[in-house]
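The block underneath contains the structure these notes are about, expressed in structure tokens.
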Amino acid sequence: MCGRFVSARKRLELLEEFAAERDSVGEDRDADYNVAPTKRIYTVLTPRGSGGHGGTDSPSIGGSGGAVPPEAAERELRLVRWGLVPSWAKDKSGGARMINARAETVAVKPSFRSAFAKRRCIIPADGYYEWQAVEKAKQPYYIYRTDGGILAFAGIYELWRDASVPDDDERAWYWSAAIITTDATDGIGRIHDRTPMVIAPESWADWLDPANNEKEVLLATMLPATSPGAGGLTSHPVSMAVNSVRNNGPDLVEPLAERPPLF
């Protein structure tokens, strides 16, 4: 799984990297070196036009908060909550447990299949953490691209309607997302048995296109983060300070001199 990650890039960097035409974030936020479930995370998505989120009761929201006509759908940078809440959920309390979706079942599992078919996104990350059992403890490792590039996690997003809030209230719709994962191989498998899926730049448009619903093509678009086509990964052990969500800052990704990297 992927339970913590790093999001330290500036908003403008992400807008440029992913060629996002709409900015629904609006202002820079502090770098986060310990992103945990339920936090607001950057996502890149292409919202569909009127009715495109799966029904007449769903919004078609652009960067300004207004409706997006079908011909004006554009790639957008948006903040959503990490932990997917299905549209049919009674409340949003279960989102903290839905941070990951398995690539093997994302297209068919009731909680995820609608989002996979219509609402796919990219979740940018500088790297992520996994824990390995070592000497009756769990040693955290920071995993990141060997070339220092951005990891474009394959994600899905959903909108949940809060019936207790009026239609014209900005809180009426709760945006949430999950990261798609798969079996870990090679070096990462020595740390943890799951790894995020990523989308290569040449496939971003196909992945984000809400009209693209060919399941087999979409599944083939996702690459394990360890894939050479994804940039390749490396890792190093880090301080156990990352175990607490209260801790944050660049010191969390500093390597531990007393423990060598696994790959």
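Each reported figure results from applying straightforward, stated rules to the coordinates on display, with no laboratory input. All of these numbers come straight from a predicted model, not from anything done at the bench. Because the Cβ atoms are built from the backbone with ideal geometry, glycine has one as well, and the counts that use them run over all protein chains shown.
Here each label is just a point 7 Å from Cα along the line to Cβ, and for THR234 and ALA8 those points are 1.4 nm apart. The mean of 1/r over all pairs of different alpha-carbon atoms in segment 124-263, once inverted, gives a Kirkwood hydrodynamic radius of 17.2 Å. With θ taken as phi - 60° and the Karplus curve 6.51 cos²θ - 1.76 cosθ + 1.60 applied, the whole-hertz 3J(HN,Hα) list for segment 235-245 is 7, 7, x, 10, 4, 6, 4, 5, 4, 9, 5 Hz, x standing for glycine and proline.
Subtracting the Cα-Cα distance of SER244 and ALA200 from 0.36 nm times their residue separation leaves 12.7 nm of extension gain. Note on ALA211/LYS138: beta-carbon distance plugged into 1/(1 + (r/R0)^6) with R0 of 45 Å gives a FRET efficiency of 0.55.
Labels on offer are (i) 78, 48, 43; (ii) 57, 37, 35; (iii) 47, 43, 38, and the one holding Cα extents along the principal axes in Å computed from this structure is (ii). Per-residue packing, averaged as other Cβ atoms within 10 Å, sorts the ranges 75-81, 150-156 into the order 150-156, 75-81, beginning with the highest. Mean-square fluctuations from a GNM of the chain, with a 10 angstrom spring cutoff on Cα atoms, peak among GLU17, GLU158, GLU135 at GLU135. At full extension, ALA96 and ARG190 could sit 31.2 nm farther apart than now, given 0.36 nm per residue minus the alpha carbon distance.
Measuring r between the beta carbons of ALA172 and LYS39 and using R0 = 35 Å, the FRET efficiency lands at 0.95.
In this structure, the residue pairs whose Cα-Cα separation is over 28 Å, taken from LYS10/LYS39; LYS92/LYS118; LYS39/LYS118; LYS39/LYS109; LYS138/LYS215; LYS39/LYS90, are LYS138/LYS215.
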